[in-house]
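To start, the structure under review is shown below, and the notes come after it.
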Amino acid sequence: MNITTNLQQIKSTIPAKVTLVAVSKTYPNAAILQAYEVGQRVFGENKVQELVEKYESLPKDIEWHMIGHLQSNKVKYIAPFVKLIHGVDSLKLLQEINKRAEQNHRIIDCLLQVHIAQEETKFGFDENEVIELLKSDEIKTLKNINVIGLMGMATNTENETLVRNEFKNLKQLFDKLTAFNFQLSTLSMGMSNDYKIAIEEGSTMIRVGSSIFGSRNYH
Ligand SMILES: *Cc1c(COP(=O)(O)O)cnc(C)c1O
């Protein structure tokens, strides 16, 4: 696996306006530094403890994104530094992020995770819940969070048509919200296996791990 080559290869094929989040979960600091040395600054992690450890030991100009499911009781550990939280899936979590952001004198950018896949187990809001939440009075009281967009994960399948349709649905919701005048800039969709389709369907941010760093060894 040559991280530098992989990264440069991906970068050369994606439009400049699409942000590449290098998903470094389970990979060591040395791998992250290889990507860093060729200019990558945006990294994503899905576990709070791993994210905090990497933040503490790696260069401070890295932009850290929390991409995984986030429990309310762990928000406090990442609130001092996290740049973007992708997987917000409840009002309660948004309220906790707001509280911890305020304590840190920060405004934290968030994406609402929308359930677009067929799998039952995936976290996230459905379309109507997103619309209701964004229109609600509660969200207006949260001054230390900024909902800048949506995030979704397609079904993990070889069926490209299904994946494409799921991304299309998310993009449609994104456009609908923008038409309602919500100021959304970011549509986070696409991973190693499906980022090309996601970009064709309007993704502005892709989260790519194994195509850069190689396959992961889970214990
Ligand atoms: C692990 C992960 C990714 C990256 O997956 P790859 O298949 O390695 O590219 C993207 N998004 C989320 C939410 C993840 O947990």
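The values are calculated or read from the model by the stated rules, or taken from the named source; none is laboratory data. All figures in this text were calculated on a predicted structure; none of them were measured in a lab. Don't worry about glycine lacking a Cβ; one is built from the backbone with ideal geometry, like all the others, and counts go over all protein chains shown. Calculation scope for accessible area: heavy atoms of the full protein, side chains included, ligands and nucleic acids excluded. Shrake-Rupley method; radii C 1.70, N 1.55, O 1.52, S 1.80 Å.
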Filtering the range 98-117 down to residues that are of a type in the set (D, E, K, R) and open to solvent by 50 Å² or more (accessible area, probe 1.4 Å), which residue is farthest from Asn165 (Cα to Cα)? Glu102
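This table checks each residue for (1) touching an Asp or Glu at 6+ places or on another chain (Cβ under 9 Å); (2) in contact (Cβ under 8 Å) with a residue 40 or more places away in the chain; (3) surrounded by 20 or more Cβ atoms within 10 Å (Cβ to Cβ).
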| site | (1), (2), (3) |
| --- | --- |
| Arg41 | yes, no, no |
| Val48 | no, no, no |
| Lys60 | no, no, no |
| His69 | yes, yes, no |
| Ser72 | yes, no, no |
| Pro80 | no, no, no |
| Glu96 | no, no, yes |
| Gly124 | yes, no, yes |
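Which residue out of Glu120, Glu158 is acidic (Asp, Glu), assigned to a loop (DSSP other than H, G, I, E, B), more than 16 Å from the ligand (Cβ to nearest atom) and open to solvent by 60 Å² or more (accessible area, probe 1.4 Å)?
On the way: Glu158 fails: more than 16 Å from the ligand (Cβ to nearest atom).
From the options Glu120, Glu158, the qualifying one is Glu120.
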Go through the range 82-117 and count every residue that is more than 17 Å from the chain's Cα centre (by Cα), assigned to a loop (DSSP other than H, G, I, E, B) and of a type in the set (D, E, K, R). 1
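Could we say that Asn165 is without any contact (Cβ under 8 Å) to a residue 60 or more places away in the chain and open to solvent by less than 60 Å² (accessible area, probe 1.4 Å) here?
Details: without any contact (Cβ under 8 Å) to a residue 60 or more places away in the chain: yes; open to solvent by less than 60 Å² (accessible area, probe 1.4 Å): no.
So Asn165 fails the test.
Quick one: which of Lys54, Lys17 is among the basic types (Lys, Arg), in contact (Cβ under 8 Å) with a residue 24 or more places away in the chain and either in contact with a Lys or Arg (Cβ under 6 Å, 6 or more places away or on another chain) or more than 16 Å from the ligand (Cβ to nearest atom) (or both)? Don't jump to the end; show me each part of the working.
On the way: Lys54 fails: either in contact with a Lys or Arg (Cβ under 6 Å, 6 or more places away or on another chain) or more than 16 Å from the ligand (Cβ to nearest atom) (or both).
Matching residue, one of Lys54, Lys17: Lys17.
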